[in-house]
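Report on the following structure.
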Amino acid sequence: MTGGFCMPTSFLPLAVAATLPAPASSLFEMLLAGGPLMIPIVLASFVLLLITFERLFSLRRRRVAPRLFVERFLLQLREGALDRNEALRRCDEESSLVARVFTAGLRKWGKSAVEVEQAVLDEGERAGNVLRRYLRVIHGISTVSPLLGLAGTVWGMMNAFNVIATNSAMGRAEMLAGGISVALVTTASGLMVAIPAMVLHMFFAGRVDSLIMEIDAHGQELVHLVSAEGLEERKTGRSTVFRRKAA
């Protein structure tokens, strides 16, 4: 027996446990226990939520290619009820993306089909960029969030192992339980943000592709109606019908 004070062996687990983080009992405590890397993960989830609501609102059909406007507009062009100026005025009154594509084609009224189609394609590309807005941000969140979670877990486990090593309690699995459970919070949080972000990215990408194909189809029909070739074809067709009726 020595003269110095020696801590009983039975007290070592208690001493080590006091230096490890206590298991979280609520969601808020778990987020706090995750450490500083939980801040960018929480911010990413907030940004994802905002973008989701914005895209759901912006990618509605009536804001991109309202069916009633498109069908009525193309029908009136097909029947010759609209001239160039009136058609442009109708498109100016409509705020949808398909109206912008129509406007670009109408400005080439009477030109060759190649010129009208090129104008429609150029404006359609700009409309596609508007529809794809923020999709890269969603994809970035789905990629970066699990990496942030993994980094937080590695950092937390390093701290837990350091605490165990410095307190001479190596080999005691129960001493690691609290530290590892806290360290895994960041990985779980990162995955909880990344998985919905990946699903939303696939959903919005499919929605955008569908809308772009629809705008392209309407644009091609407009090319046929207002190009020089289309106007001549319709004029010739009407003249033939008129001669048949007169005969």
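The values are calculated or read from the model by the stated rules, or taken from the named source; none is laboratory data. Keep in mind the model is a prediction, meaning the values are calculated, not measured. Methodologically, a virtual Cβ is constructed for each residue, glycine included, from the backbone with ideal geometry; neighbour enumeration extends over all protein chains shown.
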The number of residues in segment 73-92 that are closer than 21 Å to residue 214 by Cβ and either exposed (fewer than 13 other Cβ atoms within 10 Å of the Cβ) or of a type in the set (S, T, N, Q) (or both) is 2
Go through segment 94-145 residue by residue and tally those that are among the hydroxyl-bearing types (Ser, Thr, Tyr) and either within 22 Å of residue 60 (Cα to Cα) or not in a helix (DSSP H, G or I) (or both).
5
What number of residues within segment 131-149 satisfy the criterion of being among the hydrophobic types (A, V, I, L, M, F, W, C) and touching a Gly at 6+ places or on another chain (Cβ under 6 Å)?
1
Unique match (being small (Gly, Ala, Ser), within 30 Å of residue 192 (Cβ to Cβ) and either surrounded by fewer than 17 Cβ atoms within 10 Å (Cβ to Cβ) or in contact (Cβ under 8 Å) with a residue 60 or more places away in the chain (or both)) among 105, 140:
140
Within segment 62-72, can you find the residues that are in contact (Cβ under 8 Å) with a residue 12 or more places away in the chain and exposed (fewer than 11 other Cβ atoms within 10 Å of the Cβ)?
62
Neighbours by Cβ (under 7 Å, 6+ apart or cross-chain): first from segment 218-231, in a helix (DSSP H, G or I); second surrounded by fewer than 22 Cβ atoms within 10 Å (Cβ to Cβ) and basic (Lys, Arg):
225/78; 228/111
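Residues are listed down the side, and each one gets a yes or a no for (1) under 23 Å from the mean Cα position of the chain (by Cα); (2) at pLDDT 90 or above; (3) more than 27 Å from residue 191 (Cβ to Cβ):
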{"site": "45", "(1), (2), (3)": "yes, yes, no"}
{"site": "57", "(1), (2), (3)": "yes, yes, yes"}
{"site": "68", "(1), (2), (3)": "no, yes, yes"}
{"site": "71", "(1), (2), (3)": "no, yes, yes"}
{"site": "95", "(1), (2), (3)": "yes, no, yes"}
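Table: residues versus (1) crowded, with 20+ Cβ neighbours inside 10 Å; (2) at pLDDT below 75; (3) out of contact with any helix residue (DSSP H, G or I) (no Cβ under 6 Å at 6 or more places or on another chain).
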| site | (1), (2), (3) |
| --- | --- |
| 166 | no, yes, yes |
| 169 | no, yes, no |
| 188 | no, no, yes |
| 213 | no, no, yes |
| 232 | no, no, yes |
| 238 | no, yes, yes |
| 242 | no, yes, yes |
Out of the residues in segment 9-43 that are part of a loop (DSSP other than H, G, I, E, B) and at pLDDT below 50, which is nearest to residue 91 (Cα to Cα)?
24
